[in-house]
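Here the structure comes first, spelled out in structure tokens, and everything after it is commentary.
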């Protein structure tokens, strides 16, 4: 688990259960065996400590995944962002029906003052593909 900028710990020390991670590992291995994707990584941290990290498969043809493998994520970051937003909503930080300007006042520029958080995360915010000055 070298190459990560966090102190290395363990699942137990971070109070994480091994069973769900074992299921995730099995899923990754099965998907790679089924050629759904060539490789991947899992890194799980809690309280600033790296509890688990594992590399799977190939980064590209003939090159094994390493701790420092760089990945092109494209739109996959939307899933991570939406998950973080959902967790914040569950904790009461906001409601999906809140206007973006309730939390980011600068969002009101260019006539976007009535756009809700739900519209933004479901791609219904009405953003043009290119900004016109």
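Laboratory data are not the source of any read-out in this text; all were calculated from the coordinates shown. Remember, it's a predicted structure, so these values are computed and weren't measured experimentally. Note: ideal-geometry Cβ built from the backbone for every residue, glycine included; neighbour counts use all protein chains shown.
For the Cα atoms of the chain, what angle does the longest principal axis make with the long axis of helix 76-90, in degrees from 0 to 90, nearest 10?
70 degrees
For the chain, set up a Gaussian network in which alpha carbons nearer than 10 Å are linked by springs, and say which option among 62, 111, 39 fluctuates the most.
111
Would you list 9, 75 from fewest to most Cβ contacts within 10 Å?
Listing 9, 75 from fewest to most nearby Cβ atoms yields 75, 9.
May I ask for the angle, rounded to the nearest 10°, between helix 18-33 and the longest principal axis of the chain, with both axes built from Cα atoms and the value confined to 0 to 90°?
The angle comes out at about 90 degrees.
What's the exposure ranking of 74, 37, going from fewest to most Cβ atoms within 10 Å?
Fewest-to-most Cβ neighbours within 10 Å comes out as 74, 37.
Pop out the Kirkwood hydrodynamic radius of the chain from its pairwise C-alpha distances, inverse of mean 1/r, in Å to one decimal.
Mean inverse Cα-Cα distance, inverted, gives 18.2 Å.
Which whole-number percent gives the relative contact order of the chain, counting Cα pairs below 8 Å spaced six or more residues apart?
Relative contact order comes out at 16 percent.
What three numbers, in Å, describe the spread of the alpha carbons of the range 58-125 along their principal axes, ordered from the longest?
Principal extents (largest minus smallest coordinate, Cα): 51, 30, 18 Å.
With a/c under 1.5 counting as rounded, go ahead and sort the range 1-68 into rounded, prolate or oblate using the C-alpha gyration tensor (a ≥ b ≥ c being the square roots of the eigenvalues; past the cut-off, prolate if a/b is larger than b/c, else oblate).
Oblate.
Using the alpha-carbon centroid of each, what span in Å lies between the range 19-83 and the range 88-111?
Comparing the Cα centres of the range 19-83 and the range 88-111, I get a distance of 31 Å.
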